[in-house]
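The values are calculated or read from the model by the stated rules, or taken from the named source; none is laboratory data. Bear in mind the structure is a predicted one, so any value in this text is a computation, not a measurement. Methodologically, a virtual Cβ is constructed for each residue, glycine included, from the backbone with ideal geometry; neighbour enumeration extends over all protein chains shown.
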Amino acid sequence: MPAWRPTLRVGTLKLMKALGRFIFWDYPRGGWQYDLMGGLILLFIFVTPREIFRDQPKPASVVMLPEQGGGAFLIETRLLEGIAPADQAAKATQLVNGRYKTHVTIVRVDPVVDPEDEIIGYTAHTHQ
């Protein structure tokens, strides 16, 4: 049996033990390894771009956009899916009036698209 064989085995065991401790978070709370793991997790959370996970906010269904002074609403894609563009304003009017118990008329519906040109919602505008 070659002389390097036991040394290789000890090194592999140490590596496996370190990997196991890393995976199962087996470090004391005040240790530098614990701090390093916490820092890596925070770095991942705050540095990873949203586009990697395609994480985009989804509207609740119909949401009033406050910066438009109540004259615009964000409508979820599935609510106007399959409706002809000419009929979207009428359907959006129904949705907005049903959700907010108002009597507004939607005059224009614009699609909201993501960077890949996929429709992720609609902006409905009222006349005021």
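In table form, for the structure just shown:
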| read-out | value |
| --- | --- |
| Candidate set: the stretch 23-53, residues that are among the charged types (D, E, K, R) and exposed (fewer than 10 other Cβ atoms within 10 Å of the Cβ); chosen: the one modelled with the lowest pLDDT | R50 |
| Any pair with Cβ under 9 angstrom, 6 or more apart, that starts in the stretch 30-49 at a residue that is farther than 20 Å from L19 by Cβ and ends at one that is exposed (fewer than 10 other Cβ atoms within 10 Å of the Cβ) | none |
